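Step one of this worksheet: look at the structure below.
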Amino acid sequence: MAAGVQPGLEAGLGTREVDAGDSDLGESELKRPLPQLLDEPLPAEVMLQVHTLILETRSLHWPDEAACAAFAATLSRRPALREAYIELHGPLGAGKTTFARHLLRALGVQGHIKSPTYAVVETYGLPGLAISHFDFYRFDDAQEWEDAGFRELFAAPGLKLAEWPEKAAPLLPEADLQLHIEPGDDDGREVRIEARTARGAALLA
Ligand SMILES: Nc1ncnc2c1ncn2[C@@H]1O[C@H](COP(=O)(O)OP(=O)(O)OP(=O)(O)O)[C@@H](O)[C@H]1O
Ligand SMILES: [Mg+2]
């Protein structure tokens, strides 16, 4: 059981934490004179912090894959998911594709759900819901973003999931949710979930 995780909550959306590190501008920022609004642009480091604001953080412990599946099923019932962009972070074999498969299955995708590792993206069309599941592990050519139509997929309505988003970071929008999956002993996983937009916070509400 992870520190701070209450028994019985593992299959839900986790324990709530007040984020101490990223949700404010920090002491050193506050000691500086405030820029004259309208006359002076905000300093770049302040703008960077605005763009990386974390609205909510949750910590989960998945003791096994069934807990991963239970969390995916809970998330699949949230209406805000239908327009969400969710990033899946974690090392090789962490469980990013496994989580995506459980989520897609819970949403109603049938048949084999391929890992997008080779194709970079797999798309699914459910009644009233388009889903794009990306894996940017092999993505190394920004031109492919345009040529393969990834820009259009991100601009279109629907759910977007991305594994290895750090490999395409400059091209990607701000995620609504980031899942950070860390392998533990055997099948255990420690999972930190960060809501980075109002939609992401609604997903965790
Ligand atoms: N608690 C758990 N949650 C998720 N997967 C688990 C868990 N316990 C065991 N597993 C297993 O761990 C493996 C995770 O592999 P998966 O392909 O999902 O990793 P990945 O993060 O997508 O890796 P890659 O970076 O190579 O794409 C699967 O075989 C899955 O069955
Ligand atoms: Mg994967």
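The numbers here are math on the coordinates, done by the rules we state, and not lab data. Quantities reported herein were computed from a predicted structural model and do not represent experimental measurements. Please note: Cβ atoms are built from the backbone with ideal geometry, for glycine as well, and neighbour counts cover all protein chains shown.
What is the gain in length, in nm to one decimal, between GLU166 and ILE54 on full extension, counting 0.36 nm per residue of separation less the C-alpha to C-alpha distance?
In short, 38.6 nm is gained.
Which ³J(HN,Hα) values in Hz, rounded to whole numbers, follow from the phi angles of region 123-140 under the Karplus curve 6.51 cos²θ - 1.76 cosθ + 1.60, where θ = phi - 60° and Gly and Pro get x?
For region 123-140, the Karplus curve yields 10, 9, x, 9, x, x, 8, 8, 10, 10, 10, 9, 9, 8, 4, 9, 7, 9 Hz.
To make sure I understand, if each residue's beta carbon is the centre and we count other beta carbons within 10 Å, what order do ASP64, ASP147, ASP176 fall in, fewest to most? Please list the in-between numbers first.
On the way: ASP64 13, ASP147 10, ASP176 26.
Listing ASP64, ASP147, ASP176 from fewest to most nearby Cβ atoms yields ASP147, ASP64, ASP176.
On full extension of the chain, what length is gained from ALA73 through ALA156, given 0.36 nm per residue of separation minus the C-alpha to C-alpha distance?
Using 0.36 nm per residue and subtracting the Cα-Cα distance, I get 27.5 nm.
Treat each spin label as a single point 7 Å out from the Cα along the C-beta direction, and report the HIS180 to ALA205 distance in nm.
Label-label distance for HIS180 and ALA205, simple model: 2.5 nm.
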